[in-house]
Amino acid sequence: MKIGLLGIGTVGTGVYEIINGEKGNYFANTEEKVHITKVLVRDIHKNRKTQIPSEIMTDNFDDIINDDEIEAIIFVMGGMEPEYSYMLKAIERKKHIITANKAIVSEYLDVLLKKAEENNVMFLFEASVGGGIPIITSLKETLKINRIDEIKGILNGTTNFILSKMAGEGKDFGEVLKTAQELGFAEADPTADVDGYDVSRKLSILSSLAFGSHIKDEDIYKRGIRDVTKADMEMFSDLGYVLKFIAHSKLENGEYCASVEPILLSSKNIMSNVNEEYNIVSIHGNIIGELQFYGKGAGKNATANAVVGDLLYIINNEYRKEDIHLKNKVISRGIDKFSGKYYLRVDVSNHDQFSQVIDLIDSYSKFKKMMVNKDRIFVVTEEINANVFNELTATLKEKGNKLFYARIE
Ligand code: NAP
Ligand code: HSE
């Protein structure tokens with residue numbers, strides 16, 4: 001089988017090495033010959049970490065799309081365009097698609113699945129969620145018997161790396177983000193990681209499959225982790241909590257809530273012990289109960305493993321059209337169904353501001369605990385609805401207060 005590879009950055013290099021370096025067991029042992037015959041990049045003169053024959057490198061997509069011998073194309077470029085247009089063209093030319101691009105899968109899942117089915121080709125996207133964790137395949141298997149009503153997990157390697165290094169080694173946010181970028185975990189624009197867009201796209205993909213309806217990224221509440229400080233981290237440790245960036249969606253009677261936000265977990269919670277670039281996904285099925293999946297959520301080898309796994313589905317012709325249904329009618333209820341105690345830190349600069357902040361918090365929720373340290377107030381509230389608490393923090397921000405907050409679960 002001849003294959004085109006679009007992009008040879010972090011993930012593309014891993015894919016190339018598994019197939020050509022005979023690292024992978026399958027390619028070392030099989031008679032099946034798989035060749036990457038063309039590689040698309042932006043800059044064909046750039047120095048590459050892996051030696052690639054110059055005659056297969058191109059900066060012109062037409063060289064790949066017009067090559068009738070290429071049966072499948074691996075899309076690991078990033079961004080929406082031109083990758084999405086290339087995908088549509090490739091499907092029209094009856095080429096199978098494998099992608100790690102969650103931005104495109106999350107936005108166009110229904111269109112791409114339909115188009116692939118019409119053209120009798122496969123559209124596979126295991127690497128778009130959870131890096132090396134085979135979560136898409138496992139979800140499809142679970143759905144054969146179960147209805148899935150809840151998904152929860154850590155779905156971003158970069159932010160989990162940042163939070164675990166800040167908590168474990170007392171490092172600064174910016175310093176650890178730089179390391180995550182150097183290790184190839186972060187997106188080309190790391191604000192997608194830090195502000196929750198990457199996780200929200202992944203939650204959109206998993207929730208769409210689980211709830212049988214295209215759950216759009218824009219219907220998922222998201223709040224990032226960039227305001228967390230060392231002082232917060234020290235307070236979490238004193239209180240016995242661990243901060244994690246949690247994706248959560250649940251479905252009840254045709255209504256769903258979905259959110260991506262920093263959440264405080266008890267240090268004994270299994271998710272508290274998922275560190276560095278590792279991810280965890282918990283799904284709840286009506287028959288099987290809770291299932292958890294754990295593994296590396298980002299990086300060259302883990303992600304390339306998922307891409308090549310999809311390629312083997314194509315080679316072995318194992319994919320079935322009826323695997324995915326997106327025909328259910330479900331309604332978004334925002335974050336209505338989420339509630340809990342909240343941790344809140346507000347920075348104050350004088351006594352008047354201190355009193356105003358305390359009065360405002362008090363008008364929304366009674367405190368369970370309050371600590372004051374120099375120019376910061378730390379509060380743990382009683383149980384409160386997520387929407388009501390967000391109203392309080394929005395008011396505090398409008399008044400110019402710097403703060404960080406997280407629900408305690
Ligand atoms: P990357 O290191 O930035 O590599 C991107 C590659 O695509 C480069 O080789 C680049 O060419 C090529 N490229 C980008 N835009 C192009 C264009 N317009 N025309 C031609 N070539 C283009 O990205 P990555 O980290 O491998 O990620 C690739 C995709 O996988 C993204 O969608 C990402 O979200 C997803 N993903 C990444 C990870 C991860 O851990 N990194 C994990 C899961 C999913 P040049 O080399 O010439 O610049
Ligand atoms: N930037 C993403 C992450 C890559 O850190 O999880 C894997 O999807």
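Ignoring ligands, DNA and RNA, how do Asp323, Asp68 rank by accessible area with a 1.4 Å probe, largest first? All intermediate terms of the calculation are to be shown ahead of the outcome.
Numbers: Asp323 40, Asp68 125 Å².
From most exposed to least exposed: Asp68, Asp323.
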* Structure fact -> Sorted by chain and then number, the residues having a modelled amide H within less than 5 Å of the amide H of Met57, at least 5 places away or on another chain, are Val39
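Quick check on my link table: of Lys171/Lys268; Lys94/Lys250; Lys165/Lys397, which ones sit more than 31 Å apart, alpha carbon to alpha carbon?
Values: Lys171/Lys268 23 Å; Lys94/Lys250 37 Å; Lys165/Lys397 28 Å.
Checking Cα-Cα distances, Lys94/Lys250 exceed 31 Å.
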* To do: Evaluate 2.2 N^0.38 Å with N set to the residue count of the chain, then give the Cα radius of gyration divided by it.
  => 1.06
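Order these peptides, 158-167, 338-347, 396-405, 43-52, by their mean beta-carbon neighbour count within 10 angstrom, highest first. Please report the intermediate quantities before stating the final value.
Details: 158-167: 25.4, 338-347: 20.1, 396-405: 15.4, 43-52: 10.9.
The most tightly packed comes first, giving 158-167, 338-347, 396-405, 43-52.
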* Does segment 1-77 come out rounded, prolate or oblate, given a ≥ b ≥ c as the square roots of the eigenvalues of its C-alpha gyration tensor, rounded meaning a/c under 1.5 and, failing that, prolate meaning a/b above b/c? -> oblate
* Structure fact -> Note, segment 249-259: 3J(HN,Hα) by Karplus (6.51, -1.76, 1.60, θ = phi - 60°), whole Hz, Gly/Pro = x, goes 9, 9, 10, 9, 6, x, 10, 10, 10, 9, 8
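Determine the relative contact order of the chain: mean sequence separation of Cα pairs under 8 Å and six or more apart, normalised by residue count, in whole percent. Let's see the in-between values first.
Numbers: 812 pairs, mean separation 68.7, N = 409.
Reported relative contact order: 17 percent.
Relative contact order, percent, of segment 190-313 when contacts are C-alpha pairs under 8 Å separated by at least 6 residues? Each step should come with its number before you reach the end.
Working: 152 pairs, mean separation 21.5, N = 124.
Over segment 190-313, the number comes to 17 percent.
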* To do: Run through the DSSP bridge list for segment 2-131 and note the antiparallel percent, rounded to the nearest 5.
  => 0 percent
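Work out the length of the dipole vector of the chain about its Cα centre, built from +1 on the beta-carbon of each Lys and Arg and -1 on the beta-carbon of each Asp and Glu, and round it to the nearest 20 debye. Show your work: numbers first, answer last.
Numbers: 51 positive and 61 negative charges, 136 e Å.
Dipole of the chain, to the nearest 20 debye: 660 debye.
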* Structure fact -> Dividing the helical contributions, -39500 (n - 2.57) per DSSP H run of n ≥ 4, by the residues of the chain yields a 222 nm value, nearest 500 deg cm²/dmol, of -11000 deg cm²/dmol
* Given H placed 1.01 Å from N in the peptide plane, which residues other than close sequence neighbours of Lys222 have an amide H under 5 Å from its amide H? -> Val260
* **Scattering profile of segment 2-131 at q = 0.20 Å⁻¹ [log10 I(q)/I(0), Debye over alpha-carbon scatterers]** => -1.24
* Using +1 on the beta carbon of Lys and Arg, -1 on that of Asp and Glu, and nothing else charged, what's the dipole of segment 339-408 about the Cα centre, debye to 20? -> 300 debye
* To do: Return the long-range amide H neighbours of Gly212 (sequence gap of 5 or more, or a different chain), with a cut-off of under 5 Å between placed amide H atoms.
  => none
* Asked: Can you run phi through the Karplus equation (6.51, -1.76, 1.60; θ = phi - 60°) for segment 291-306 and list ³J(HN,Hα) in whole Hz, with x for Gly and Pro?
  -> 10, 10, 10, 9, x, 6, x, 7, x, 4, 5, 4, 6, 5, 4, 5
* Asked: Residue farthest toward the positive end of the dipole of the chain, with Cβ of Lys/Arg at +1 and Asp/Glu at -1: which of Tyr26, Asn275, Phe211?
  -> Asn275
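Classify segment 237-306 from the C-alpha gyration tensor, please: rounded if a/c falls under 1.5, else prolate or oblate depending on whether a/b exceeds b/c.
Values: a/c = 1.79, a/b = 1.09, b/c = 1.63.
Taking the square roots of the gyration eigenvalues as a ≥ b ≥ c, segment 237-306 is oblate.
Once you charge only the Cβ atoms, +1 for Lys and Arg and -1 for Asp and Glu, what is the size of the charge dipole of segment 244-351 about its Cα centre, to the nearest 20 debye? Write out the running numbers ahead of the final one.
On the way: 13 positive and 12 negative charges, 36 e Å.
It comes to approximately 180 debye.
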* What are the ³J(HN,Hα) values, in whole Hz, obtained from phi via the Karplus relation 6.51 cos²θ - 1.76 cosθ + 1.60 with θ = phi - 60°, for each residue of segment 53-66 in sequence order, with x given for Gly and Pro? -> x, 5, 5, 9, 7, 8, 10, 10, 4, 4, 4, 8, 5, 8
* To do: Quick one: compute the contact order of segment 265-409, relative version, from alpha carbon pairs under 8 angstrom and 6+ residues apart, as a percent.
  => 23 percent
* Once you sort the root eigenvalues of the Cα gyration tensor of segment 88-182 as a ≥ b ≥ c, which label holds: rounded (a/c under 1.5), prolate (a/b larger than b/c) or oblate (the other case)? -> oblate
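The values are calculated or read from the model by the stated rules, or taken from the named source; none is laboratory data. Given the structure is predicted, the values throughout are model-derived calculations rather than measurements. Neighbour counts run over all protein chains shown; Cβ positions are idealised from the backbone, glycine included. Remember, those area values only see protein heavy atoms, side chains included, never the ligands or the DNA or RNA. Shrake-Rupley method; radii C 1.70, N 1.55, O 1.52, S 1.80 Å.
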